[in-house]
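Each value in this text was obtained by applying a stated rule to the coordinates, not by laboratory testing. Keep in mind that what you see is a predicted model, and the values were worked out from it rather than measured. Don't worry about glycine lacking a Cβ; one is built from the backbone with ideal geometry, like all the others, and counts go over all protein chains shown.
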């Protein structure tokens, strides 16, 4: 060790890194093959469409030593056709995480206020802190009700004062799994100063079952200050490739592109994400599998008297009404990895991803032991 101690300045000095919950590579290295049930990262256990894997084996070597298209035009055009928007309304990112950070960098500065919900996605406060802005964390709805611990849209709207420069919401929300309808979002947007960008993170949109939820993309024409972020990591099963996208007014996308890193999405990811879009049948199989297994997990947990938050994602948030760390440790000792929620301010909760059937079986088989 050199003894060198870097001295970060400004907002970075107080910034805390994103917490993935567990060091999964280290856990895998210590475990025997297939010894882990990985239910902490909200990955898609069915993986990508078969055509993606076929294309991966046939990729020409030039995709490795040539730089990718810095504009990602082929993927943006495919997305634009799917979403019925112009390609100028789409920016690509290294996952939606990068885009959320970029949005904070582009539209907030030290002293500005950034409004988001308690128990909202962890990147919202990280992006806010990174630019030295002031977080306005709005209390979530109470645990009882139709959207337990979900966004209180009325309270969020009331919190958008003259100092607000950016608003983050998620629909459905991570880690609560809760959601709100398209009509509720429309009414919320009508109350916000049109000069303030409102970011709706739809990372879990592909898992939504209720047609009333719809998508914020449908409201872009009416609200130019609206930006929608999505990812290929969840429903499309491409978490390892890191591809996300933002949809918004061309003027907003132009600002993002000024700061976006050149070649921020690699050539392999650009091509495979485009291919994944062309297999809607696989996405429907993913949705059906997730719907069935999510209900099975929720029923098994609720049968023990546990509070399982309603979810329209590929995970469930479970409240044990007591410190959850010992329960998580007992599961981990059996090779079942779930996500601790203490960092979100939910120390009595654990987030459990919908995994493969065998993984879900294993979690439920050790449930009584974990609760003992």
* Please work out the FRET efficiency for the pair residue 24 and residue 322, using the Cβ-Cβ distance as r and a Förster radius of 22 Å; give the result to the nearest 0.05. => 0.25
* Structure fact -> By the Cα gyration tensor axes a ≥ b ≥ c (a/c under 1.5 gives rounded; else a/b larger than b/c gives prolate, otherwise oblate), the shape of the chain is rounded
* Asked: Ranked from highest to lowest mean number of other Cβ atoms within 10 Å per residue, what is the order of the peptides 339-345, 206-212, 349-355?
  -> 349-355, 339-345, 206-212
* More than 23 angstrom apart: percent of Cα pairs within the range 274-372 -> 27
* Structure fact -> Final fewest-first order of 205, 57 on the 10 Å Cβ neighbour count is 57, 205
* Using alpha-carbon positions, what is the distance between the centroids of the range 153-220 and the range 110-127, in Å? -> 14
* Classify the range 81-156: rounded, prolate or oblate, from the alpha-carbon gyration tensor (a ≥ b ≥ c, eigenvalue square roots; a/c under 1.5 rounded; otherwise prolate if a/b is larger than b/c)? -> oblate
* Asked: For the range 208-259, rounded, prolate or oblate, judged on the Cα gyration tensor with a ≥ b ≥ c (square roots of eigenvalues), a/c < 1.5 rounded, else prolate if a/b > b/c?
  -> oblate
* **For the chain, share of DSSP beta bridges that run antiparallel, in % to the nearest 5** => 50
* To do: Evaluate E = 1/(1 + (r/R0)^6) for residue 330 and residue 295, where r is the Cβ-Cβ distance and R0 equals 22 Å; express this FRET efficiency to the nearest 0.05.
  => 0.35
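Can you tell me, using C-alpha contacts under 8 Å and at least 6 residues apart, the relative contact order of the chain as a whole percent?
On the way: 694 pairs, mean separation 85.7, N = 372.
Relative contact order, the chain: 23 percent.
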* Structure fact -> Between the modelled labels at residue 69 and residue 209 (7 Å from Cα along Cα→Cβ) the distance in nm is 3.7
* To do: Would you mind telling me which residue in 237, 161, 150 has the biggest mean-square fluctuation in a Gaussian network model of the chain, where springs connect alpha carbons within a distance under 10 angstrom?
  => 161
* Asked: Among 53, 220, which comes first, then next, by fewest other beta-carbon atoms within 10 Å?
  -> 53, 220
* Asked: If we count other beta carbons within 10 Å of each Cβ, what is the order of 96, 78, fewest first?
  -> 78, 96
* To do: Name all residues of the range 181-218 having a backbone nitrogen under 20 Å from the label point set 7 Å from the Cα of residue 277 along its Cα→Cβ direction, giving them as ranges.
  => 200-208, 215-218
* Structure fact -> Computed from the beta carbon distance with a Förster radius of 35 Å, FRET efficiency for residue 218 and residue 4 to the nearest 0.05 stands at 0.10
* Structure fact -> For the range 1-138 the mean separation of alpha carbon contacts under 8 Å (6+ apart) over residue count, i.e. relative contact order in percent, is 25
* Between the range 312-372 and the range 25-64, the alpha-carbon center distance in angstrom -> 22
